[in-house]
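K.L.:
This is the structure I want to talk about, given as structure tokens.
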Amino acid sequence: MAKGGIIRSAGPVALALLAVATAGTPARAASDIALCADERVKQEMLPLKELAAAEAACGRALGAAADPADRQKAAFFRGLMRFLQVVQKGAELKPKRDGAFAGYAPPTLEQVSPALKDVESALAIEGPLKDEALALRITINQTIGRPAEAQADIEQATRSDAQGATPFVQRALERERAGDLRAALVDLDHALGIEPTAPTALLARGQLLRRLGRLGPARADLEAAAAAGRPYRLVALMAKSGAELRAGDLRAAYESLLGAARATDGLPKSEAASIGADLLIRAGDFALDKLKEPEAARKHYREAQKLVPRNWNAAIGLARYEESRGKRAEAIAICRRILAETRATPNLPERLLASLLLKRLTTPLQKSGSGPFKSSFETAGVADGAGSPDGLKRVAFIIGESDYAELASLPNARRDAAVMASALAEMGFDRVEIAENLDSAALRGVPAAIEEGVGDADVVLVFYAGHGVETGGANYLIPVNAVPETDADLRTRALALADLTAAAGKARRGSLVIVDACRDDPFVEARAVAQSRGIGGSAVADPAPERIRAGLAATPVTPANGVVLHSTQPGQVALDGDGLESPFVRALLETLGTPGQPFEAVVTGAAARVSERTEGRQLPASYGVSPAVALLPPAAK
């Protein structure tokens, strides 16, 4: 099941929304004004019907109010209610027939234009809500991706005589988005100097400190934000769980995750059920895989199913629980039910996960692959494909690096790799091989293994999920035993992406190398975590870095018949790049659903889908000239 829009947007945009939603003054006695200026938006997400009713009341109040303060309040709250309706409609979690959920759809300028007009009307009236109206306009422009307009208003807000914490939080979010982390931290410190208990500032600083590897201070800020209650508790506990997991405090991370699952009050019933189910599944996976408490895991999976009966991730969790107890027949029955009920969506990730689990439970082991690679069945339960009707031999090499010793772990990289392997085998690739959690020697041996394994292959596809970093204009893929090191060490211990693409380019007709490694430089965070642990976890001696290298560099040289596809543009960080819910992985799976597609169609189709899902905020980058050959096997006749 796709993560809900509320969870996935619980970063800068949600923080700004919280800042604005808690603004306002007591409503006046007039009934329409009272209904319009609904104080509950401070603490909960109102149902769309109630937001629409409040908007209508604001309209009536605007037509009747003579007092400028009432007119300003009506204009401000109508703009807020209109904006919240647009955001919530984009985040609605309406299940499809097969149990899948549509992803979050960010607002567009056209959609928020009525809200902006109302806010500008409120700004034109001298009254008590002028600062709040300016903050709301900043939030709207941040949400729809207009940083210049937001920045101009932020600078005006920070010069206001009545300034509070909000404009400095908003400026910090813009600075963090632009990569100026040190300045963002200064703004957040200043905001908390003005309002020491401001939940939005505590939440924003806690998340930034977590990103920087300052786990002790991050946990303290996030705990304080969670203590503020609704609407901060849910997001703060989710972030706190991540910081605790990184610190190695598994029990605390688990308890925070459960706390978040119980903190969905204040959301509309359907959203509360969907988000609660998602968090309970995460808690179940945590109990099963990390705490080794299968009965607790079963309890959480069943609770999730009560909230959302057709939740396939919960069903997969129960299948894994039965497998862990040696109850193969029960696990097989669950997987077959998932496959039967998702037949209409062959590349639904949850269906692919159920398929590979079923194959692992029912198919005999196959022989190993070459070098660091194993047959896809040994690691993921994926049998090789049946071959292609067009006679071309297609081979895939899949790499998933998850369990890093010193760097932040990427728990979904292995799952992404397994799902990609399953999809390619289902499409009819002749051979699919997987390498997982490779150390430096094994990862650097991958190009030689691919060259050996290519043999007489016409088409080769390589997929890499894990950490990567750019230095000196070159891209490197990071082994799981990497330690916080210098740039010089990368050249001798990591795998140069250029070597990987050269090996794949030995294919006779064409190659595609897909790289999902566009994240922050992981060594910056790891160095801070290591230093923090060394001095008790309360602080670090080094100042915050001014910037963190983000994403990968362009790939300027590709094989004559090869294409390299990055999950986003050079120097950019992919959205939600560490899970199956990322726009990039979802788009790839959707694109792979059509047999017989040539290289160009797969590359451009995936890029178009990612751009559409993210309203243009993320656009994959491709390098090289697509060969005139079908990347995917045609459908069997």
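K.L.:
Under the 0.36 nm per residue contour assumption, what length would be gained going from the current alpha-carbon distance of A530 and D439 to full extension? Please report the intermediate quantities before stating the final value.
P.N.:
Values: separation 91, 0.36 × 91 = 32.76 nm, distance 1.98 nm.
Result: 30.8 nm gained on full extension.
K.L.:
Also: Put E271, E330 in order of accessible area, largest first, 1.4 Å probe: what do you get?
P.N.:
Numbers: E271 15, E330 80 Å².
Greatest to least solvent exposure: E330, E271.
K.L.:
On average over all directions, what projected area in square nanometres does segment 161-249 have, based on the convex hull of its Cα atoms?
P.N.:
On the way: hull surface 22.2 nm².
Spelled out: convex hull of the Cα atoms, projected over all directions, averaged, 5.5 nm².
K.L.:
If I take R0 = 30 Å and measure r between the Cβ atoms of R159 and K290 in this structure, what FRET efficiency does the formula 1/(1 + (r/R0)^6) give, to the nearest 0.05? The partial results should precede the final answer.
P.N.:
Numbers: r = 49 Å, r/R0 = 1.63.
Using R0 = 30 Å, I get an efficiency of 0.05.
K.L.:
Now, a different point. Can you compute 3J(HN,Hα) from phi for each residue in segment 424-434, using the Karplus curve 6.51 cos²θ - 1.76 cosθ + 1.60 with θ = phi - 60°, rounded to whole Hz and x for Gly and Pro?
P.N.:
Calculated HN-Hα couplings, in order: 5, 5, 4, 6, x, 4, 5, 9, 10, 10, 10 Hz.
K.L.:
So, one more: Only loop residues by DSSP count here, and only those with at most 11 other Cβ atoms within 10 Å; note down the GluC sites (Glu not before Pro) in segment 138-241 that meet that. Display every interim value, and only then the final one.
P.N.:
On the way: sites: E149, E155, E174, E176, E223; in loops: none.
Sites meeting the loop and neighbour criteria: none at all.
K.L.:
Moving on. Which far-off residues, 5 or more places away or on another chain, put their amide H under 5 Å from the one on V513, with H placed in the peptide plane?
P.N.:
Here V462, V563, V564, L565 satisfy the definition.
K.L.:
Kindly work out what percent of the DSSP beta bridges joining two residues of segment 395-537 are antiparallel, to the nearest 5. Before the final figure, lay out the partial values.
P.N.:
Details: 6 of 25 bridges.
Here the share of antiparallel DSSP bridges comes out near 25 percent.
The values are calculated or read from the model by the stated rules, or taken from the named source; none is laboratory data. It should be emphasised that the depicted structure is a prediction, and the values quoted were computed from it without experimental measurement. Using ideal geometry, Cβ is built from the backbone for each residue, glycine included, and neighbour counts are taken over all protein chains shown. Accessible surface is based on the protein model in full, side chains and every heavy atom, while ligands, DNA and RNA are left aside. Shrake-Rupley method; radii C 1.70, N 1.55, O 1.52, S 1.80 Å.
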